[in-house]
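*Asks:* To start, I am sharing the structure in question, which I have written as structure tokens.
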There are 4 protein chains.
Amino acid sequence: TDSSALIHGLTAEEIGTLTAKCTEAKAAAYCPYSLFRVGCTLLTHSGAFISGANVENASYPVGTCAERVAMGSAVFAGHRRGDFRAVAVATDAPEPSSPCGMCRQFLREFCGEDVPVVMVGRDGGEGRVVVRTMGELLPMSFGPESLPPREELAKVGEGRRKG
Amino acid sequence: TDSSALIHGLTAEEIGTLTAKCTEAKAAAYCPYSLFRVGCTLLTHSGAFISGANVENASYPVGTCAERVAMGSAVFAGHRRGDFRAVAVATDAPEPSSPCGMCRQFLREFCGEDVPVVMVGRDGGEGRVVVRTMGELLPMSFGPESLPPREELAKVGEGRRKG
Amino acid sequence: TDSSALIHGLTAEEIGTLTAKCTEAKAAAYCPYSLFRVGCTLLTHSGAFISGANVENASYPVGTCAERVAMGSAVFAGHRRGDFRAVAVATDAPEPSSPCGMCRQFLREFCGEDVPVVMVGRDGGEGRVVVRTMGELLPMSFGPESLPPREELAKVGEGRRKG
Amino acid sequence: TDSSALIHGLTAEEIGTLTAKCTEAKAAAYCPYSLFRVGCTLLTHSGAFISGANVENASYPVGTCAERVAMGSAVFAGHRRGDFRAVAVATDAPEPSSPCGMCRQFLREFCGEDVPVVMVGRDGGEGRVVVRTMGELLPMSFGPESLPPREELAKVGEGRRKG
Ligand SMILES: [Zn+2]
Ligand SMILES: [Zn+2]
Ligand SMILES: [Zn+2]
Ligand SMILES: [Zn+2]
């Protein structure tokens, strides 16, 4: 049956649950400036669903996105790289929207290239869902292993604190 | 007795609990870049304690602070402006450290000027705690009411050279 | 005469020039989302005026403020801590607005506590200007010296990069 | 000859100039925390080269990257979407590194999908350069057109539980 087929390691039932949960998470958004609600739900290998919504600020750059609220909670709960099976994001746009580049970068610290990102449009619904992997959304990414060891950097550059 | 005296509306017992909880929250920090652990706990009027820790990123500006992780969770849980009685922050510095300016701005969206911020040094302990109000830490702050109505802004400036 | 009196080390003429320049800088703002234009001008001890304006993004938290654009340019031009005599900020609000907390933190890395921040309302004009020092706007600030040495942090906490 | 061949619309000579300029820009980096210097140079259709370097902060998330310093200056200078021919980035890593996700998002507001991003390793040199387009680095991106009109959003969600 359909429900046993796997999409990036997720069953149709799991995609359905993720879709419902991230759509529900939107209701908690604080977005008086953009009016654009976003909800995000993470699924861990241990079976936990951890959600977040966007939290804006009068100084726009100080606000944060749903994906970072969800991942912040997950990391605080003790989850680390390798613990995540999927990311799901729902917005108020009619078509499924992707996470912004900043969130892709934030998620990438903890999610491998093969972790699927499930994107859900305004009206939810399994049929309207778009799925891409982290590796597809942030190719050639800059991660922890991109930073050379400090001792090496200390020699190469100067980067010094002036003043 | 001491324990019934109020400091910014907090009992000594509540300050003690906040101190313990934000110190404990530090243990969940993900800070392989700075090695500087920070924990934050919020106390709501409904009596809830909501915590967070810093979550760093290989691209340093993409990481987030303990205060914003805690407040992100609190807002996602439905708390809004007026719901907070206190903020508490513990770090790995020997002396109590204050929240960075970005976090003061993030907190300010939801905390009034009189909300106390309890700052705790590495070794915790009530005696070593420093307390300041949000208004003292972010005077003349830029908040929701600082932004003129959109209709007015649309008239004044142009602000929208979209390419 | 008035023009020889010093306000935080600035002559009335210098305040006038700063006011004019940060007001003029507003015209370059890219703010299709907030419609709120902000301009910032820095004055260095070497006599240079360096300006910036806010640059917003469809993902609101990714945008940046006028103050950080100006200071980014100044640091790129080689200016460092101790090189700044004043910061001036103009917005589209009728009354003078202060920099957001994130910008206070960004500026603080390079400006001492006594550096004046000149705030200018929509209609400019010397008479309507409000001046506060960096120390007044970001008291008990978190700066470079707040971070204990790495070797000490490595011992105290663990902050480790989990896999 | 080689120098007349075009790579994403750039001549080998232009790539050489971009490589040299972004490598040179690294020298202005303020990075006492990461010790990781990054330089960025933008080339506009009008022939201007505009550069930046990373500017870090004691509160790591408050710092900014080379790409955003360069683009902030460019936008302040009046450049807008459609004005950019290329982005070039050099770091202190031995292999060419890509911009972080936050910078990809910041650049994307002003650069079309076909704008090439030239990535340069520690030792520079044309032969070691990697080139990808904005569309390749930030596929399915979230841009200005991803946000539905405000009037529509005002109807769909509520998004404004102001306290
Ligand atoms: Zn985002
Ligand atoms: Zn902070
Ligand atoms: Zn700001
Ligand atoms: Zn970046």
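Bear in mind that the values in this text are calculations on the coordinates, not laboratory data. This is a predicted model, so every value here is computed, not measured. Glycine gets a Cβ as well: all are built from the backbone with ideal geometry, and neighbour counts include every protein chain shown.
*Asks:* Mean residue ellipticity at 222 nm from the helices of the protein assembly as shown, using -39,500 (n - 2.57) per DSSP H segment of n ≥ 4 over the full residue count, to the nearest 500 deg cm²/dmol?
*Replies:* -7500 deg cm²/dmol
*Asks:* For D:93-100, what's the mean count of beta carbons from other chains sitting within 10 Å of each residue's beta carbon?
*Replies:* Per residue, the number of nearby Cβ atoms from other chains is 6 on average.
*Asks:* Springs between alpha-carbon atoms under 10 Å, Gaussian network over chain C: tell me which of C:L18, C:L107, C:L147 tops the mean-square fluctuations.
*Replies:* Residue with maximal mean-square fluctuation among C:L18, C:L107, C:L147: C:L147.
*Asks:* Further, regarding this structure: Sorted from fewest to most neighbouring beta carbons within 10 Å, what does the list C:T23, A:T11 look like?
*Replies:* A:T11, C:T23
*Asks:* Right, here's the next one. Tell me which A residue has its C-beta closest to the axis rotating A onto C, and the distance in Å?
*Replies:* Its Cβ sits closest to the axis: A:Y60, 2.
*Asks:* Could you list A:V75, A:V131 in order of exposure, starting from the residue whose Cβ has the fewest other Cβ atoms within 10 Å?
*Replies:* By the 10 Å Cβ count, ascending, the order reads A:V131, A:V75.
*Asks:* Before anything else, pin down the relative contact order of chain B: Cα pairs under 8 Å, at least 6 apart, normalised by residue count, whole percent.
*Replies:* Computed value for chain B: 18 percent relative contact order.
*Asks:* Let me ask something else about it. Choose one answer from D:C22, D:C103, D:C40: the residue with the largest mean-square fluctuation in a GNM of chain D with alpha-carbon springs under 10 Å.
*Replies:* Of D:C22, D:C103, D:C40, the Gaussian network model singles out D:C103 as fluctuating most.
*Asks:* With a 10 Å Cβ neighbour count serving as the proxy for reagent exposure, in which order, fewest first, do C:M102, A:M134 appear?
*Replies:* With the sparsest Cβ surroundings first, the list reads A:M134, C:M102.
*Asks:* How far is D:E152 from the same spot in each other copy, in nm, shortest first, if each label point sits 7 Å from Cα toward Cβ?
*Replies:* Copy-to-copy label distances at D:E152, shortest first: 3.0, 4.8, 5.5 nm.
*Asks:* If you don't mind, another one. Rounded to the nearest 10 degrees, what's the angle between the helix A:12-25 long axis and the longest principal axis of chain A, both from Cα atoms, 0 to 90?
*Replies:* 70 degrees
*Asks:* Separate question: What are the distances, in nm and sorted shortest first, from the label point of C:G47 to the label points of the same position in each other copy, with each label point placed 7 Å from Cα along the Cα-to-Cβ direction?
*Replies:* 3.2, 6.8, 7.4
*Asks:* Related question: Taking the inverse of the average 1/r across all pairs of different Cα atoms in the stretch C:2-156, what Kirkwood radius in Å do you get?
*Replies:* Hydrodynamic radius (Kirkwood, Cα pairs) of the stretch C:2-156 is 15.9 Å.
*Asks:* Follow-up. What do you get for the angle between helix C:66-76 and the principal long axis of chain C? Use alpha-carbon atoms, 0 to 90 degrees, nearest ten.
*Replies:* 70 degrees
*Asks:* Take chain D, connect every pair of alpha-carbon atoms lying under 10 Å apart with a spring to form a Gaussian network, then pick out the residue of D:G121, D:G101, D:G135 with the largest mean-square fluctuation.
*Replies:* Its mean-square fluctuation being the largest, the pick is D:G101.
*Asks:* While we're looking at this one, here's another question. Give me, ordered by chain and number, the residues 5 or more places off B:A86 or on other chains with an amide H under 5 Å from its own placed amide H.
*Replies:* B:L43
*Asks:* Which three lengths, in whole Å and largest first, does the protein assembly as shown cover when its Cα atoms are put on their principal axes?
*Replies:* Largest to smallest, the principal-axis extents are 70, 61, 53 Å.
*Asks:* Run through the other copies and list how far each one's label point is from that of D:L6, in nm with one decimal, shortest first; the point sits 7 Å from Cα along Cα-Cβ.
*Replies:* Reported distances to equivalent positions: 4.6, 5.9, 7.3 nm.
*Asks:* Please average, across the residues of C:24-31, the number of beta carbons from any other chain that are within 10 Å of each residue's own beta carbon, and give a whole number.
*Replies:* 5
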